[in-house]
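The values are calculated or read from the model by the stated rules, or taken from the named source; none is laboratory data. The model shown is predicted, which means the values in this text are computed figures rather than measured ones. In this analysis, Cβ positions are derived from the backbone assuming ideal geometry, glycine residues included, and neighbour counts consider all displayed protein chains. What goes into the accessible areas is simple: the full protein's heavy atoms, side chains included, and nothing from ligands, DNA or RNA. Shrake-Rupley method; radii C 1.70, N 1.55, O 1.52, S 1.80 Å.
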Amino acid sequence: MTLALHVTGLKKAFGPTKIIRGVELQVARGERHAVIGPNGAGKSTLFHLISGRLPSDAGQILLHGQDITGLAPHDIFNRGLARSFQVTSLFPRLSVFENLRAAAMRTHGCGHAFWRRLEGFAPLRRRAEEVLSLLGLERRRDVLAGALAYADQRALEIGVTIAGGAETILLDEPTAGMSRAETERAVTLIRRVSEGRTLVMIEHDLGVVFGLADTISVLAEGRVIASGPPDQVRGDPAVRTAYLGAAAETLA
Amino acid sequence: MSAPAQTALARPQSGAALRAMLPWVLAALAALILPHVVPGGFGLSLLCRMGIAIVFALSFNMLLGQGGMLDFGHAVFLGLGGFLAMHAMKLADAGWWIPLPALPLVGAAGGLAVAILAGWVSTRRAGTAFAMITLGVAELVVAVVLLLPSVFGGEEGLSGDRSSGPPLLGVDFGTQIQAYYLIAAWAWAAALLMWLYTRTPLGRLANAIRDNPERVGFLGYDAARIRLLVFSLSGLFAGIAGGLAALNDEIVTAGNMSPEASSAVLVMTFIGGVGTFWGPVIGAVLITFLSVALSTVTDAWQLYSGLLFVAMVVWAPGGISGIILAHAPVVRAGFAGRLAPAYAAMLPGFFLALAGTLGLAELGFRLQSVRNGASPRPVFGMALDPQGVLPWVVAAILLLAGAWLLRRAAPAAREAWQEASVMAQVQ
Ligand SMILES: Nc1ncnc2c1ncn2[C@@H]1O[C@H](COP(=O)(O)OP(=O)(O)O)[C@@H](O)[C@H]1O
Ligand SMILES: [Mg+2]
């Protein structure tokens, strides 16, 4: 079985500060994989390295066995990996619908065409409508993304990430800053959109993590200190001291 | 997704398409009728200039408003398109079979070629770096043009005769009205093409890189490649404007691609409004009219268009079309009546400040020419001495009093506007 993602010896420093210090990460195809760890552990940086936003200093990243180390973000996307951002990153002056349509253009044969009408791409429009209703944002269809409420923007952030139909999806703290009810809705959404795909998700809400993830990796001090099924990670003494602490007691 | 839901989501296409074409039909009718409404040869040549400016400003807004790219040297594409078209016109003079109506195509090819070259350098970057590079490229191109007098005619530029080529169906385009209809047809078609482009995948991608170039990369597109394509197309349409200018003026000089020409298109596009497709059309018409009408009355007209530009940047960054767009829902909801008194209360201050500004500007210009030994021309029909103190004091007082009145009236107007727009939204 090839892994969806296989990261070996990955390193990244910002100036003298070593943030990622040799990360090893294996994500099986089709699993829901949570990456947890204390604030500032380097989780977002790890996503930046995998998705090509930042160049790594050392190490290798394989996507379905293909080396994607050092590729530009658009090349990595075109090999089947899409990601969301911890800080919402949308097209604020485009409508919700146009955000979704733009997000799906690459995988629906639009290319850079300037001689064909956008409306003429029927499967593209259907895909955008489909994601729109998946997000439950039908009534916000023509609202500018910049004018959406925070939770709706977070939902759209997920929608834009998955609209292209990528096989491997990276979500960076999709529920951050949400209320209880909004988090529950987001989890349902994430469960649905990751059906039959590979999901890697950074999440600090342990309730969400243990409810959703097949595998959990714990990142602390620039390394993955534990990786495995939730029960195993929960019981890992290194994890308890490094990170989980009191939260693990209550969950045990 | 279920089938009924899909049919519910499919919206009627043909009705919307017809409604979208209506402005284009009206524009074509207006272009047909206008020369018979506007008086004289002066009006006709003004209309020709407007048509050229419209194409130029729309091509500029493909970059600025739609793609978030500020091009400080856009006149280069118009200029080089114009030069190439002029060479074609000269070939036609020399007996080659080049139909005159096709000259803008030659201009388009010239604009496209230069834009691909310049864009290859500039579009690797976005934002400020991009703007700086366009400025540098423009300086460079103008310098090269002046260095090659055998190709570009040096300071005098190149001139030709549009009517000396072979007549087409008995029309030789010698008269201004024939040239007008040719320019109008081209301007209409070019504008329509630029509008259609906004509804293509590339047109939407341009909006996406304007809003958030980084995210585009994570959706599978190379932002630099999108910028290069958009830049090239924009150069193509600027080249069409250049071909039209060559046709209309029968002369092309380095002045056509000067920094002044580049900033003029920025000013007219911004004043018209970059946030809508049609905003630059308003700006092109208005600024062309002002530049022609005011320049016959005052030497200071560039100062006035500059002041208008600054005022827009500060108080109405959406330009005229932005103001129209913001007020449309309020007017449609029937709340215009609520706004009118508050807005009218601003008029006295506005006119006082305007009078003061005009007075100061005109006095300043007179002072310069009087110092150079000329006798003072009257200011608005009044024989004022720019070297005296009194006129300056009066103008300054007018300006200050106007500004003070404006400041006093502004809060009420703002409040009325906010109230009306909230109520229009609620409706
Ligand atoms: N571009 C950068 N330059 C310098 N330091 C950075 C940069 N990005 C992140 N960092 C630092 O790296 C550390 C890890 O950040 P991050 O990956 O965002 O952590 P988290 O695990 O909370 O997502 C933090 O201390 C942060 O300040
Ligand atoms: Mg983070």
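In this structure, is A:ALA155 buried (at least 23 other Cβ atoms within 10 Å of the Cβ) and more than 13 Å from chain B (Cβ to nearest Cβ)? I'd like the intermediate steps shown before the answer.
Details: buried (at least 23 other Cβ atoms within 10 Å of the Cβ): yes; more than 13 Å from chain B (Cβ to nearest Cβ): yes.
Judged against the criteria, A:ALA155 is a match.
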Residue satisfying condition, being within 13 Å of another protein chain (Cβ to nearest Cβ) and over 19 Å from B:PHE218 (Cα atoms), within set A:ARG191, A:ARG180, A:ARG141, A:ARG185: A:ARG141
Whichever residue in the range A:26-44 is over 24 Å from A:ARG192 (Cβ atoms) and within 16 Å of ligand 2 (Cβ to nearest atom) and, among such residues, is farthest from the other protein chains (Cβ to nearest Cβ): A:PRO38
One residue from A:GLY164, A:GLY207, A:GLY196 being within 14 Å of another protein chain (Cβ to nearest Cβ) and away from ligand 1 (no atom under 16 Å from the Cβ): A:GLY164
From B:PHE152, B:PHE173, B:PHE237, residue being within 24 Å of A:TRP115 (Cβ to Cβ), surrounded by 15 or more Cβ atoms within 10 Å (Cβ to Cβ) and more than 11 Å from chain A (Cβ to nearest Cβ): B:PHE237
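Can you name every residue in the range B:182-201 that is within 19 Å of A:THR107 (Cβ to Cβ) and either crowded, with 23+ Cβ neighbours inside 10 Å or more than 9 Å from chain A (Cβ to nearest Cβ) (or both)? Lay out the reasoning, then the answer.
Applying the first criterion (within 19 Å of A:THR107 (Cβ to Cβ)) to the range B:182-201 yields B:200-201.
If the condition is that a residue be within 19 Å of A:THR107 (Cβ to Cβ) and either crowded, with 23+ Cβ neighbours inside 10 Å or more than 9 Å from chain A (Cβ to nearest Cβ) (or both), then B:PRO201 is the only one that fits.
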Qualifying positions in the range A:175-207 - in contact (Cβ under 8 Å) with a residue 60 or more places away in the chain and open to solvent by less than 10 Å² (accessible area, probe 1.4 Å): A:SER194, A:THR198, A:LEU199, A:VAL200, A:MET201, A:ILE202, A:GLU203
Single residue of A:LEU100, A:LEU71, A:LEU94, A:LEU62 found to be in contact (Cβ under 8 Å) with a residue 60 or more places away in the chain and either open to solvent by less than 10 Å² (accessible area, probe 1.4 Å) or more than 12 Å from ligand 1 (Cβ to nearest atom) (or both): A:LEU100
Helices (runs of 4 or more DSSP H) wholly inside the range B:29-127 containing at least 1 residues that are at pLDDT below 95 and among the β-branched types (Val, Ile, Thr): B:103-122
Of residues in the range B:54-90 being under 11 Å from the mean Cα position of the chain (by Cα) and either open to solvent by 10 Å² or more (accessible area, probe 1.4 Å) or outside the structural domain of B:ALA246 (by TED's automatic domain parsing) (or both), the one farthest from B:THR175 (Cα to Cα): B:PHE56
Number of positions in the range A:28-43 that are within 13 Å of ligand 1 (Cβ to nearest atom) and open to solvent by 30 Å² or more (accessible area, probe 1.4 Å): 3
Hits in the range A:108-124 - residues which are more than 7 Å from every other protein chain (Cβ to nearest Cβ) and crowded, with 20+ Cβ neighbours inside 10 Å: A:HIS108, A:PHE121, A:LEU124
Of the criteria (1) in contact (Cβ under 8 Å) with a residue 60 or more places away in the chain; (2) within 14 Å of chain A (Cβ to nearest Cβ), which one B:PHE218 fails: (1)
When residues of the range A:45-58 are limited to those that are crowded, with 19+ Cβ neighbours inside 10 Å and away from chain B (no Cβ under 14 Å), the one nearest to ligand 1 (Cβ to nearest atom): A:THR45
Complete set of residues in the range A:50-86 that are touching an Asp or Glu at 6+ places or on another chain (Cβ under 9 Å) and within 16 Å of ligand 2 (Cβ to nearest atom): A:ARG53, A:ARG83, A:SER84, A:PHE85, A:GLN86
Residues satisfying the stated conditions in the range A:115-174, i.e. free of Cβ contacts under 8 Å to residues at least 60 places away in the same chain and within 15 Å of the chain's Cα centre (by Cα): A:ALA155
